[in-house]
Amino acid sequence: MATPLESPITFTNVGKARWWQSGLFASQTGYVLLALVALFVVMNFTSPYFLTEGNIQNVAKNFSFIAIATLGVTFVIITGGIDLSVGSVMCFSAMITSMVMTQISTPGLPGAGWFVHLAGDGKTVIANVAGLILLVSILAGLGVALIVGLVNGFCIAVLGLSPFVTTLGMLSIVRGLGYVVSNGRGSFPSGPEADYFYTLTSGVVFGLPAPFIYLVVLAVAMAVVLHHTSFGRHVFAVGGNEKAAALTGIAVVRVKIGIYVICALAAGLQGIIICGWLGSAPANMATSYELNVIAAAVIGGANLAGGAGGPLGAIVGCVLLEVIRNGLVLAQVNSYWQQTLVGVIIIAAVLVDRLRSRMA
Amino acid sequence: MVTPHDAGLAVLELKGIGKEFGAIRALHGVDLRVSPGEVVGLMGDNGAGKSTLVKIIAGNFPPSHGEIRFDGKVVHFARPIDARAIGIEVVYQDLALADNLTAAANVFLGRELKRKLGPFALLDHKAMAARALELFGELRSETRPHDLVKQMSGGQRQAVAIARTRLSNAKLVMMDEPTAAISVRQVEQVLSLIHRLKEQGVAVMLISHRMPDVFAVCDRVVVMRRGEKRADKAIGDTSPEEVTSLITGAKEAA
């Protein structure tokens, strides 16, 4: 069918973009990364404590507090959506995990018999199967996140409600449910496997905080999914031109439900990790974290209009926010300035990108 | 070159197609034959029934009356995907491209090539870029597979949209106002793209308001007015003046 070419195709009229005009270098993520490096240098001269091992570990730990959830939200933002319910989901998943763990490791409570029994002395609680309690409680926490994600996705993709309104409602619903199940009291993971739980969530592996390792693994997985699978390609297509995506036969509804589920699961996992760190899941945990998470994603180059974003940007955004917070403390600036500065940076990052694309 | 019109095998054949939306009669008794390698211009004023006809052929909705034959077989489309599956592609006016993706990604959107890596199916970027470059070559378009669509000219965008139809080896390509919003030089490019499709035996239906374009590339022109086919003439047997008067209704039929 194809006619052979008389001559190979030439590009006399079409120039090739230079290396610095494409890819990372031309993206907002690139600029913000540059700004971050500059900030590190400045901080190093301003405070002798900044580049100490202890402080860097502290920074790594603190930004991991929101970074996994930011990865999830980045997926949603790439499709042109938004998820305001992440803070509530963090709290709810953490609560469910710690409540389930306590419930099934307390002999005498309904259901606990399957998981634990009392030792001969009548006091020590022993798990029937090692690891099972941990697994069941974490799955319970992720399970509720999954349900929230499915409901979000269903309302937005199938019923066609606006993502902002749907997830704003879900923010309130899930936070409310958290208060209902806990009666407003915080809970903390207990029982024979609580120690495993703390090790998994706040332990140190090869000198690195465990959550940081989870973050790196998830970020790499996200990069592969976004750039090397058809699901990822469809996520970008939906964000770039949803109508076009539908016309080419992409299952837009499935893609959208998928990303809200991913986002909720990431938030749930993040909540469970925070819970291990704090040693408890208070009912007001992660309140207004959704704003930090979205701010970090946007600073890192995720475009709220859809079509752009990635794991590197999400992490860079989180690190930048944390370094600024940390830096202000070290520089002994009144910590109330922090929020103001974060706001300025959000606008500046987007402004620089706008100026650049206007010049191009 | 394939002889148009009265050649024995039609790729598309419409018989008595009619469509009502409630009390509104959008189409009435339309008969049409399109042969392989033939370029048919579909003209008419706004509301003449062009888009309705295109949407019926593309499977967006079924006709109220009449039958569609494709490659000699009667076909019924429930969804646009059904029409695409048997070889009918539409290049939409707004081109249906995702600006933030590369040319190659757009060509393969929704039917990406993959290679197996253990349990995972990963995108085969190399194969897709190579095939896309081949398609752009066939279309004589200077388009790089790795360039982002948002940085492209109107002509290049058309090439990407048309390359997509070549990927599936479509037998009928319908183009909705492909020259409406682009510069003169790019119009030239698009018209030559249509010639390339014709050379490869693809039937093309060109829906356009632009008389010069229709007369430049089409073998035949079909004029619609008030939901009916008013004329169906070989380009050589008609003139822009006659077509204009058919469109406006100054001349009832020809």
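A compact table of results
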{"item": "Of A:L291, A:L142, A:L109, the one that fluctuates the most in a GNM where chain A has Cα springs shorter than 10 Å", "result": "A:L109"}
{"item": "Given 15 as the ceiling on other Cβ atoms within 10 Å, longest exposed-site-free region of chain A for trypsin sites (Lys or Arg not before Pro) in DSSP loops", "result": "A:186-360"}
{"item": "Cα centroid of the stretch B:27-75 to Cα centroid of the stretch B:149-227, whole Å", "result": "17 Å"}
{"item": "Cα-based helix-to-principal-axis angle, B:125-138 vs chain B, degrees rounded to 10", "result": "40 degrees"}
{"item": "Surface/4 of the Cα convex hull for the stretch A:163-214, nm²", "result": "5.7 nm²"}
{"item": "Mean residue ellipticity (222 nm) of the protein assembly as shown, computed from DSSP H runs ≥ 4 via -39,500 (n - 2.57), nearest 500", "result": "-16500 deg cm²/dmol"}
{"item": "Rounded to whole Å, sorted largest first: equivalent-ellipsoid semi-axes of the protein assembly as shown, Cα gyration tensor", "result": "58, 29, 21"}
{"item": "Volume of the Cα convex hull of the stretch A:39-157, divided per residue and given in Å³", "result": "169 Å³"}
{"item": "Among the listed pairs B:K116/B:K150; B:K50/B:K251; B:K15/B:K198; B:K15/B:K233; B:K73/B:K114, those beyond 28 Å (Cα-Cα)", "result": "B:K116/B:K150; B:K73/B:K114"}
{"item": "Per-residue Cβ neighbour rank within 10 angstrom, fewest leading, B:L135, A:L118, A:L208", "result": "A:L118, A:L208, B:L135"}
{"item": "Sorted by Cβ density within 10 Å, fewest first, the residues B:E199, A:E322, B:E38", "result": "B:E199, A:E322, B:E38"}
{"item": "C-alpha long axis of helix B:184-199 to longest principal axis of chain B, angle in °", "result": "90 degrees"}
{"item": "At 1.567 mPa s and 4 °C, Stokes D of the stretch A:76-217 from Kirkwood alpha-carbon radius, µm² per second", "result": "76 µm²/s"}
{"item": "5 Å binning of all Cα-Cα separations within the stretch B:133-254, expressed as whole percents from 0 upward", "result": "2, 10, 21, 21, 17, 12, 9, 5, 3, 1, 0"}
{"item": "Among A:G313, A:G240, A:G72, residue whose mean-square fluctuation peaks in a GNM of chain A (springs only between Cα atoms under 10 Å)", "result": "A:G240"}
{"item": "Pair A:V205, A:Q332: separation of 7 Å Cα→Cβ label points (nm)", "result": "4.0 nm"}
{"item": "For chain B, alpha-carbon Rg and Dmax in angstrom", "result": "18.7, 68"}
{"item": "Distance in nm between pseudo-label sites at A:V344 and B:H146 (7 Å out along the Cβ direction from Cα)", "result": "4.0 nm"}
{"item": "Measure of compaction for the stretch A:187-289 (Cα Rg per 2.2 N^0.38 Å)", "result": "1.41"}
{"item": "Sum of side-chain charges, A:I126 neighbourhood, beta-carbon under 15 Å (Lys, Arg +1; Asp, Glu -1)", "result": "-2"}
{"item": "Partner chain coverage, peptide A:237-246 - average Cβ within 10 angstrom", "result": "6"}
{"item": "37 °C / 0.692 mPa s Stokes-Einstein diffusion coefficient of the stretch B:100-169, Kirkwood radius on C-alpha pairs, µm²/s", "result": "270 µm²/s"}
{"item": "Cross-link reach list, lysines versus A:K256, counting only Cα pairs under 21 Å and skipping chain neighbours closer than eight places", "result": "A:K243"}
{"item": "Fewest-first sequence of A:M90, B:M43 by Cβ atoms within 10 Å of each Cβ", "result": "B:M43, A:M90"}
{"item": "Shape box of the stretch B:2-91 [Cα atoms, principal axes, largest first, Å]", "result": "41, 27, 24"}
{"item": "Largest-first ellipsoid semi-axes for chain A, taking √(5λ) over the Cα gyration tensor eigenvalues, angstrom", "result": "40, 27, 19"}
{"item": "FRET efficiency, B:A253 to B:E134 (Cβ-Cβ, R0 60 Å, nearest 0.05)", "result": "0.85"}
{"item": "Karplus 3J(HN,Hα) series, Hz, for the stretch A:240-247 with 6.51 cos²θ - 1.76 cosθ + 1.60 (x for Gly, Pro)", "result": "x, 7, 5, 5, 4, 4, 5, 5"}
{"item": "Difference of contour (0.36 nm per residue) and Cα-Cα distance, B:A127 to B:E20", "result": "33.9 nm"}
{"item": "Residue-wise HN-Hα coupling along the stretch A:255-265, computed from phi with Karplus coefficients 6.51, -1.76, 1.60 (Hz; x: Gly, Pro)", "result": "4, 5, 4, x, 6, 6, 5, 4, 4, 5, 5"}
{"item": "Degrees, to the nearest 10: B:154-167 long Cα axis against longest axis of chain B", "result": "90 degrees"}
{"item": "Alpha carbon convex hull of the stretch A:217-257, projected area averaged over orientations, nm²", "result": "2.9 nm²"}
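Bear in mind that the values in this text are calculations on the coordinates, not laboratory data. Owing to the predicted nature of the structure, the values given are computational and were not obtained by experimental measurement. Every residue, glycine as well, gets a Cβ built from its backbone with ideal geometry; the counts of neighbours run over all protein chains shown.
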